[in-house]
Amino acid sequence: GWQLVLSTVLVFALVGSFIYLLWTINRQNKLAIMHKTFVNNMTHELKTPVATVMAAIEAVQRYGAKDDSVRMEKYLDLSRKELDHLSQMIERVLHFDMNGANGVKLEFTNFDVIKLINTCIETAKISLQKDVRFSLTSTFQPVFVDADEAHIKNVISNLIDNAIKYSVENVDIVISIVERNKDVEIRIRDNGLGIEPIYHKDIFDRFFRVPTGNLYSVKGFGLGLAYVKQVIEQHDGFIEVESALEKGTTFIISLPKSNI
Ligand code: ADP
């Protein structure tokens, strides 16, 4: 009778509330951990350049470097580089946070992706601190797309930077472009640390970093891939990852091909 219906409904409501409670707690925990990691990374990333510049200034003011033009030049150069890096990081965090909710603002133009990727490779080569080989192949060229050139440049640079960051030595970065129906598919492959499949979904979340990343003291905020995904999706494209631990990683992005 109705008692049975009522008690069934009650039981479902109770079980439902309980599951919801567990889910909320779990989510809160995850957020708390992510927040803590972010603050840790942030502190580390911001403190290092500040400490370096402070030391350089002290060297000049207190330890007589200002009377030695060679040392003076060296400290100024160092300070400049550190401040450059610092401002880039601040820019990244602010930029992403401000635009996070509504996405980024896109300005479409028509350009050749191969040319853009070559520029990204040349830029990456400037500050290399390990042995890296790049190769770029395409089944057709030029590869025109209608897209926001500045943001796509950031996307490619981010993926190349990661490929370098998360690889140890004798780094091989293979970039290939293929045409798939109406899309241009860009693959960026590295032979680095790789990512365990259980993390493949999370790496695109803001502030998420694979815990093992820290083992290699690789720096970062966990914002790069969230930004990359956002930009690609706003272009009606998609991004995927293929990776296994110690086997390297491939990021695949696809963009609609230009009609022109
Ligand atoms: P960040 O590099 O600042 O941590 P990202 O959002 O760019 O942030 O990447 C998120 C995480 O995904 C990284 O912390 C790292 O663990 C993992 N990851 C990204 N790219 C690679 C790669 N090419 N190889 C291995 N792991 C990667």
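In table form, for the structure just shown:
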read-out: Flag for Ser243 being outside any helix (DSSP H, G or I), farther than 26 Å from Met42 by Cα and within 7 Å of the ligand (Cβ to nearest atom); value: yes
read-out: Wholly enclosed strands (runs of 3 or more DSSP E) of the range 118-216 bearing at least 3 residues out of contact with any Pro (no Cβ under 7 Å at 6 or more places or on another chain) and within 13 Å of the ligand (Cβ to nearest atom); value: 171-180, 183-190
read-out: Lone qualifier among Asn181, Asn154, Asn162 - being at pLDDT below 90 and within 13 Å of the chain's Cα centre (by Cα); value: Asn154
read-out: Hits in the range 133-155 - residues which are farther than 24 Å from Met89 by Cα and surrounded by 19 or more Cβ atoms within 10 Å (Cβ to Cβ); value: Phe134, Val143, Val145, Ala147
read-out: Among (1) modelled with pLDDT of 90 or more; (2) more than 16 Å from Lys153 (Cβ to Cβ), the one test that Met54 misses; value: (1)
read-out: Index of the failed condition, Ser258 passing every other in (1) open to solvent by 30 Å² or more (accessible area, probe 1.4 Å); (2) farther than 25 Å from Met89 by Cα; (3) modelled with pLDDT under 90; value: (1)
read-out: Residue within the range 222-231 that is farther than 23 Å from Ile175 by Cβ, touching a Lys or Arg at 6+ places or on another chain (Cβ under 7 Å) and at pLDDT below 95 present; value: yes
read-out: Identity of the residue in the range 104-115, touching a strand residue (DSSP E or B) at 6+ places or on another chain (Cβ under 9 Å) and among the hydrophobic types (A, V, I, L, M, F, W, C), that ends up surrounded by the most Cβ atoms within 10 Å (Cβ to Cβ); value: Val113
read-out: Meets criteria (open to solvent by 20 Å² or more (accessible area, probe 1.4 Å), polar (S, T, N, Q) and over 21 Å from Leu116 (Cβ atoms)) for Asn158; value: no
read-out: Selection count, the range 37-62, where residues are hydroxyl-bearing (Ser, Thr, Tyr) and either on the phi > 0 side of the Ramachandran plot or exposed (fewer than 13 other Cβ atoms within 10 Å of the Cβ) (or both); value: 1
read-out: Test: residue in the range 190-197 that is surrounded by fewer than 17 Cβ atoms within 10 Å (Cβ to Cβ) and of a type outside the set (A, V, I, L, M, F, W, C); value: yes
read-out: Residue among Asp236, Asp183 that alone is open to solvent by 30 Å² or more (accessible area, probe 1.4 Å) and either in contact with a Ser or Thr (Cβ under 6 Å, 6 or more places away or on another chain) or closer than 12 Å to Leu159 by Cβ (or both); value: Asp183
read-out: Selected residue (only one of Trp23, Trp2 is at pLDDT 85 or above and either open to solvent by less than 50 Å² (accessible area, probe 1.4 Å) or farther than 30 Å from Asp202 by Cβ (or both)); value: Trp2
read-out: Within the range 140-158, tally of residues that are of a type outside the set (A, V, I, L, M, F, W, C), out of contact with any Ser or Thr (no Cβ under 8 Å at 6 or more places or on another chain) and within 21 Å of Arg180 (Cα to Cα); value: 2
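The values are calculated or read from the model by the stated rules, or taken from the named source; none is laboratory data. Being a predicted model, the structure only gives us computed values, none of them experimental. Glycine also receives a Cβ, built like all others from the backbone with ideal geometry; neighbour counts cover every protein chain displayed. Side chains are part of the model used for accessible areas, which takes the heavy atoms of the whole protein and leaves out ligands, DNA and RNA. Shrake-Rupley method; radii C 1.70, N 1.55, O 1.52, S 1.80 Å.
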